[in-house]
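*Asks:* Could you have a look at this structure, given as structure tokens, before my questions?
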Amino acid sequence: AALRRHRRRSSRAHELERFRPRLAVFVLLVVALAVAVYRYAVPALVELAIVLTPPVVPRLLSQSAMISLDQTMLEESKLADDRRQRIDLDFRSLAGTTRRGADGYSLHFRDGGSIGANAFALPDGTVVLTDQLVELAGNDGEAVLGVLAHEIGHVEHEHSLRRIYRAVGVAGLIMLIGGDIGAGAEDMLVQGAALMSLSYSRDQERDADRFAVELMHATGRDPLAIVRFFELLRDRLGDTGEFGSFLSTHPPTAERIAETRRYAEEIAARD
């Protein structure tokens, strides 16, 4: 009797596993659902997570990131004290006009080492500026401020948290659909998901460029300063951005120069 019951159960499972037209429809529905979740549900959940995130979370994330960077990539700044004080004063002047205010930001100077001329922002308002970037700008202090205004834009728009939550959401979607699909296949899918989200990252960079133009203009500074910095990247470092732009998280440099210049002229024309 037990064997007969087992055979009946096995037969039902076997029938379900056989290929039938309705299975193809079911697969298509699953694919459509996955696309809909990626396109609509994940962004909505990201925005909800941003609203519900307590201040301690970005603070802890940023502290952990700074400790890791200081231990592995960054070194103590070698810039002269007076130059650091001048840049910090101007930075606080910019930050003071934002929603978070000057106290919501802190500027840290570091020798960039292997990352060279760079600046980046962490979720809690920590902004890191490397000596190499200051040296690249030379006597053009406004260009440095333009870059810092760009990084303030990332913080004001909470881009870092959005990227973290989006990555978590996409990974969860992959695992929900694929289950235990093996380490190799999972790595391929996750990397593919990262490629799919590159345009989102480029949109963030464009938003921060526009924010930098607006902030510099609002504080009586040169809104074209960040354009001059992009031109320095192009002319001195050969960063044309013409090749491999699909795999870049930043828009092509030539495109950024043209678009940012156009937007700065548009802002100036409003006056």
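The values are calculated or read from the model by the stated rules, or taken from the named source; none is laboratory data. Just so it is clear, the model here is predicted, and its values are computed rather than measured. Neighbour counts are summed over all protein chains in view; Cβ atoms, including those assigned to glycine, are modelled from backbone coordinates with ideal geometry. To get the accessible areas, we keep the full protein, side chains included, count just its heavy atoms, and leave off ligands, DNA and RNA. Shrake-Rupley method; radii C 1.70, N 1.55, O 1.52, S 1.80 Å.
*Asks:* Just the residues that are within 17 Å of residue 218 (Cα to Cα) and either within 11 Å of the chain's Cα centre (by Cα) or open to solvent by 10 Å² or more (accessible area, probe 1.4 Å) (or both), please, taken from segment 151-163.
*Replies:* 151, 156
*Asks:* Out of all the residues in segment 76-130, which are closer than 20 Å to residue 56 by Cα and part of a loop (DSSP other than H, G, I, E, B)?
*Replies:* Listed by number, the residues that qualify are 99, 100, 101, 105, 122, 123, 124, 125.
*Asks:* What is the number of the single condition among (1) modelled with pLDDT of 90 or more; (2) in contact with a Phe, Trp or Tyr (Cβ under 7 Å, 6 or more places away or on another chain) that residue 80 does not meet?
*Replies:* So the condition that residue 80 fails would be (2).
*Asks:* Can you pull out the residues in segment 131-151 that are in a helix (DSSP H, G or I) and acidic (Asp, Glu)?
*Replies:* Step one: list which residues in segment 131-151 are in a helix (DSSP H, G or I), which gives 131-137, 141-151.
Scanning segment 131-151 gives 131, 135, 142, 151.
*Asks:* Across segment 111-124, what is the number of residues that are in contact (Cβ under 8 Å) with a residue 40 or more places away in the chain and either touching a Gly at 6+ places or on another chain (Cβ under 7 Å) or open to solvent by 50 Å² or more (accessible area, probe 1.4 Å) (or both)?
*Replies:* 1
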